[in-house]
2 protein chains.
Amino acid sequence: MYYIGIDLGGTGAKAGIVTEEGTIIAKGSVPTKQLVGFEAIVEAMAKLALKVMEDASVSLDEIKCVGIGCPGSIDDKNGIVYYSNNLVMENAPICDEMKKYINKPIFIGNDANCAALGEFYNLDDDSVENFVAVTLGTGVGGGIILGKKLYTGFNGAGGEIGHINLCFGGEPCTCGRSGCWEAYASATALIRDTERAAKANPDSLLAKMVNENGGRATGKIPFDAAQAGDETGKKVVDAYISYVGEGIVDIINIFQPEVVAIGGGVCNQGDNLLVPLREYVAPRTYGAGLIPATKIIIASLGNDAGIIGAAFLGKE
Amino acid sequence: MYYIGIDLGGTGAKAGIVTEEGTIIAKGSVPTKQLVGFEAIVEAMAKLALKVMEDASVSLDEIKCVGIGCPGSIDDKNGIVYYSNNLVMENAPICDEMKKYINKPIFIGNDANCAALGEFYNLDDDSVENFVAVTLGTGVGGGIILGKKLYTGFNGAGGEIGHINLCFGGEPCTCGRSGCWEAYASATALIRDTERAAKANPDSLLAKMVNENGGRATGKIPFDAAQAGDETGKKVVDAYISYVGEGIVDIINIFQPEVVAIGGGVCNQGDNLLVPLREYVAPRTYGAGLIPATKIIIASLGNDAGIIGAAFLGKE
């Protein structure tokens, strides 16, 4: 049997046929930005899914279920998008609509949660029951897997781990609150802090690199500057690692999961990020040294995580 | 059938016979402070439990299981206390030892987690699946119930919700980290902040009340001063409510539980605490107004929660 996973974003949808083992055997995409109304978006997703099935020579009889990952607040029990800013949807019964085209069990989940579920199924250790994935991207997203199941709370909106406090009354956050982890640990925040540091230290290598990039920082610049021995770059990287680290300590103190996986573009830094991050986190967790410790790893699936996780929303 | 619940503290143990409905039909206590070694403590707890059974005229055949709530880091799967500072125990196989005296299934859990489980079973709403209890006491403890089961992580040490970040690099915490929620939202922190405010505002009513109490603050003083119209008292209370509130927003953003219950001595303030706390939390939660909202209530069981929760560790 196969699973259909659909990853719906603000501008388009991707779909894939996924095996029981989590391999994508065919995939495709369709733009959705110009479509008006959830019905039109669902129709486009359904047609894409049917086309990808055809590409993979898989019949409907061989499909176990369909899963849709979608940005926004999702009522996963009733298959409804409460609200999605990116998609201009409100109380949209996505699953019922999809069933008109593909008469199989249809599941829906938040896109970040789906990506987390995909990373969970990609772990090479079956004994892991509890797992938290964190994506350091434009924001800080993620998902929580407990007892091998995605945890989303009573209303489907749980797992907003980017929106826990890091710094009381601190930087404004996109969610309306201030001081959220996302406002310090996202790639967006790292870029902001790099630009501030460049401005405050105009003679630094960091400032030179920002200037050479047209006055705009990237998440890579502070790491490159630090590697080249620049003190300003080192300070930005150290602060960033402490911000990311504090949130991971919070996650460990709450969940004590076997594994925390971090993903997003910043993780291309590999050991430059992971080694100091592990050193920061280890002594700060509650009961450190007295109890078995959570492993911190870098997520490995990348963009396919959303398709695979969506596909596996209905996996037993 | 009945359950035996034992609440082990730093200076003594309490035991109760608990019905299926969560009523304690007999209870007793025994001092344990002078006892050396976990074997002696378990023996004292077992004798207490057997005596309380006798008081209740309940035979061993009528007992379903025994549960022990214990401070410290607990390996609940293997029935071992990893480490307890209060009890001077390390890797103590409590459950195996207890089974020598009472040949029934024996369960163990962290004492704060047991109290949370007791409060969960005391809710008058059976539809609640996900519940977080927070105790604002000497520290900030609590417990997480998900899918009607206590959640403790892979190593039994999860649920340390007092040790999530409130203020990056802020007040030192007993856990060794700085800026933890506990370091701002505990009764201890409220007393510290009241004494600081009294010192900084010697002409305030708050300062007068602290002086009249021998120069020592209590958690009640700032609320009393605020009620009497004292600006310094109001500021301390408002700040405290924002500290407690931020942590509750974190809990909601992560778990989206149906209910969060707060307990501890500060909650004797009732609506003076609860009303402004609800007002603080509501607009700051992620997706506020767009999704069904978590209820915030005051925990009602008090000291019996630990016995009832321990008893129900083995409830199906």
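Summary table
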| read-out | value |
| --- | --- |
| Residue within the stretch B:210-217 that is among the charged types (D, E, K, R), surrounded by fewer than 22 Cβ atoms within 10 Å (Cβ to Cβ) and farther than 26 Å from residue A:182 by Cβ present | yes |
| Evaluation of residue B:49 against (1) open to solvent by 10 Å² or more (accessible area, probe 1.4 Å); (2) away from chain A (no Cβ under 14 Å); (3) closer than 21 Å to residue B:305 by Cβ (one fails), failing number | (1) |
| In the stretch A:106-155, the residues that are within 10 Å of chain B (Cβ to nearest Cβ) and open to solvent by 30 Å² or more (accessible area, probe 1.4 Å) | A:127, A:129, A:147, A:149, A:154 |
| Residues within the stretch A:67-91 that are more than 17 Å from the chain's Cα centre (by Cα) and more than 13 Å from every other protein chain (Cβ to nearest Cβ), tallied | 3 |
| Residues (in contact with a Pro (Cβ under 9 Å, 6 or more places away or on another chain) and over 30 Å from residue B:289 (Cβ atoms)) located in the stretch A:45-82 | A:64, A:65, A:66 |
| Extreme residue, surrounded by the fewest Cβ atoms within 10 Å (Cβ to Cβ), among residues of the stretch B:269-314 that are within 14 Å of chain A (Cβ to nearest Cβ) and aromatic (Phe, Trp, Tyr) | B:280 |
| Scope the stretch A:116-141; condition under 17 Å from residue A:311 (Cα atoms) and either more than 9 Å from the chain's Cα centre (by Cα) or at pLDDT below 95 (or both); matching residues | A:117, A:118, A:119, A:120, A:121, A:122, A:123 |
| Answer from A:33, A:27, A:47, A:14 - the residue that is out of contact with any Asp or Glu (no Cβ under 6 Å at 6 or more places or on another chain), under 24 Å from residue A:86 (Cβ atoms) and in a strand (DSSP E or B) | A:27 |
| Any pair with Cβ under 8 angstrom, 6 or more apart, that starts in the stretch B:5-23 at a residue that is hydroxyl-bearing (Ser, Thr, Tyr) and ends at one that is assigned to a loop (DSSP other than H, G, I, E, B) | B:11/B:32; B:11/B:33 |
| Number of the exception - residue B:66 against (1) touching a residue at least 40 places away in the same chain (Cβ under 8 Å); (2) farther than 13 Å from residue B:312 by Cβ | (2) |
| Failed item, numbered, when residue B:67 is tested on (1) on the phi < 0 side of the Ramachandran plot; (2) at pLDDT below 95; (3) of a type outside the set (Phe, Trp, Tyr) | (2) |
| Test: residue in the stretch A:96-108 that is among the polar types (S, T, N, Q) and over 25 Å from residue A:146 (Cβ atoms) | yes |
| Every residue from the stretch A:79-100 that is modelled with pLDDT of 95 or more and in a loop (DSSP other than H, G, I, E, B) | A:79, A:93, A:100 |
| Residue within the stretch B:185-205 that is farther than 17 Å from residue B:266 by Cα and within 23 Å of the chain's Cα centre (by Cα) present | no |
| Residue A:241 being touching a residue at least 60 places away in the same chain (Cβ under 8 Å), assigned to a helix (DSSP H, G or I), hydrophobic (A, V, I, L, M, F, W, C) and within 14 Å of another protein chain (Cβ to nearest Cβ) | no |
| Qualifying residue in the stretch B:208-223 (condition: in a helix (DSSP H, G or I), farther than 26 Å from residue A:165 by Cβ and either free of Cβ contacts under 8 Å to residues at least 12 places away in the same chain or within 14 Å of chain A (Cβ to nearest Cβ) (or both)) | yes |
| Those residues of the stretch B:252-267 which are part of a helix (DSSP H, G or I) and either within 7 Å of chain A (Cβ to nearest Cβ) or not small (Gly, Ala, Ser) (or both), in sequence order | B:252, B:253, B:254, B:255, B:266, B:267 |
| Flag for residue A:16 being under 17 Å from residue A:315 (Cα atoms) and modelled with pLDDT of 95 or more | yes |
| Subset tally (residues that are open to solvent by 60 Å² or more (accessible area, probe 1.4 Å), touching a helix residue (DSSP H, G or I) at 6+ places or on another chain (Cβ under 8 Å), part of a loop (DSSP other than H, G, I, E, B) and farther than 30 Å from residue B:281 by Cα) for the stretch A:169-207 | 1 |
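The values are calculated or read from the model by the stated rules, or taken from the named source; none is laboratory data. Here the structure is a predicted model, which means the values were calculated and not measured. Glycine gets a Cβ as well: all are built from the backbone with ideal geometry, and neighbour counts include every protein chain shown. Note: areas computed on protein heavy atoms with side chains; ligands, DNA, RNA excluded. Shrake-Rupley method; radii C 1.70, N 1.55, O 1.52, S 1.80 Å.
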